[in-house]
Amino acid sequence: MARPVLKTTPVQKASIGGLIVVALLILGVAVLILGGEQGFLSSRYLLRARFDSISGLQPGAPVWLAGQRVGFVSQIEFVRDASEKVFIDVTMRIDNQYQDLIRKDSKARIGTLGLLGDKYVGISLGSSNNAELKPGEYVETDNPIDFEELIERGVETFDDLAEGGKSLKSIAAKIDSGQGTLGKFINDPEMYFDLATLAQYSRQIAGKIENNEGSIGRLFNDTQLYDEMVATISDVRGLIDSISDGKGSIGRFVKDPAFYDHLTASLSRIDTLIARIERGEGTSGKFISSDELYNQTSEAVGSLDSLLIDIRKHPAKYLKLKVSLF
């Protein structure tokens, strides 16, 4: 059995045609809007930025200039410099109308949008005394903050704080149980009495000083002692000034090079004399170094001693008195 053919009326045909036209209009408007956003129909130029890390930035991410959206990221690629160091080049498409606002001193950074963590490239305004960046040139960059590293450091810091808390808890327990110097200071009543006694002695000493008792009291309160100390200091200063001016023996010794040279020459002659004596030269050298001279001297002293003893015993033998009569 043949299927029946549906017939459309002119009104139905007109309705279908109208729907198709409306759909085409909506599609054209969407193309225009999307083209304006992504640059299909807008006039844009290329800028590049080189980063060490981009923290999850993706192609299509917006580019902001001082908080105003001016373009989007079109390409991200790895590059190597002459030293084989790896960087990430980010290519951006910027509206031509903002070209005069991005200059040599502008800087690009990677930021985060809201709580979702979407990334964007933010560029700062340049100053008028710097040249505009030409298409294809690189804008200066500030590397983004590595949040993973910050979180890792935060965890390490938290662990350190936890360990510090345990240590503080242990110290507090020792103090509470009276261990250590601080624990005894807080818990030992004898420490309190010792401090009270020390404070009492301090008050007594302070009272004696105020009453001009003892050497310290006189030092603090006796104006005559103060004047004598000032006079002594003045005399010492005068002595130092005299020495500085080369006055007196000490001053000449300090200031006069002739006196120093004379003293040096005298010491040199003394050194020469001592060296000769040590070598046994001269009478003094022979007397010190010659054993024969020493022995002869010892024998002479012994003979003289024997002679003196004999004189004491037999004086008549050595003293003869001859009397003559005229």
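Summary of values
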read-out: Filter result (polar (S, T, N, Q) and surrounded by 10 or more Cβ atoms within 10 Å (Cβ to Cβ)) within region 69-87; value: S74, Q75
read-out: Qualifying residue in region 104-118 (condition: part of a strand (DSSP E or B), touching a strand residue (DSSP E or B) at 6+ places or on another chain (Cβ under 9 Å), modelled with pLDDT of 90 or more and basic (K, R)); value: yes
read-out: Test for I145: is it under 32 Å from the mean Cα position of the chain (by Cα) and either under 21 Å from R44 (Cβ atoms) or at pLDDT below 90 (or both); value: yes
read-out: Meets criteria (of a type in the set (K, R), in contact with a helix residue (DSSP H, G or I) (Cβ under 7 Å, 6 or more places away or on another chain) and at pLDDT 70 or above) for R279; value: yes
read-out: Test: residue in region 79-89 that is part of a helix (DSSP H, G or I) and either modelled with pLDDT under 90 or closer than 24 Å to L133 by Cα (or both); value: no
read-out: Every pair of residues 6+ apart whose Cβ atoms lie under 6 Å, when the first sits in region 62-78 and is farther than 12 Å from A108 by Cα while the second is among the small types (G, A, S) and crowded, with 17+ Cβ neighbours inside 10 Å; value: V73/A61
read-out: Region 52-71 - residue that is in a loop (DSSP other than H, G, I, E, B) and of a type in the set (S, T, N, Q) and, of those, nearest to the chain's Cα centre (by Cα); value: S53
read-out: Condition check for I243: at pLDDT below 80 and part of a helix (DSSP H, G or I); value: yes
read-out: Conditions (1) surrounded by fewer than 18 Cβ atoms within 10 Å (Cβ to Cβ); (2) within 42 Å of the chain's Cα centre (by Cα); number of the one not met by A49; value: (1)
read-out: Per-region count, region 25-51, residues outside any strand (DSSP E or B) and at pLDDT 80 or above; value: 3
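The values are calculated or read from the model by the stated rules, or taken from the named source; none is laboratory data. Note that the structure is a prediction, hence the values are computed from the model and not measured. Please note: Cβ atoms are built from the backbone with ideal geometry, for glycine as well, and neighbour counts cover all protein chains shown.
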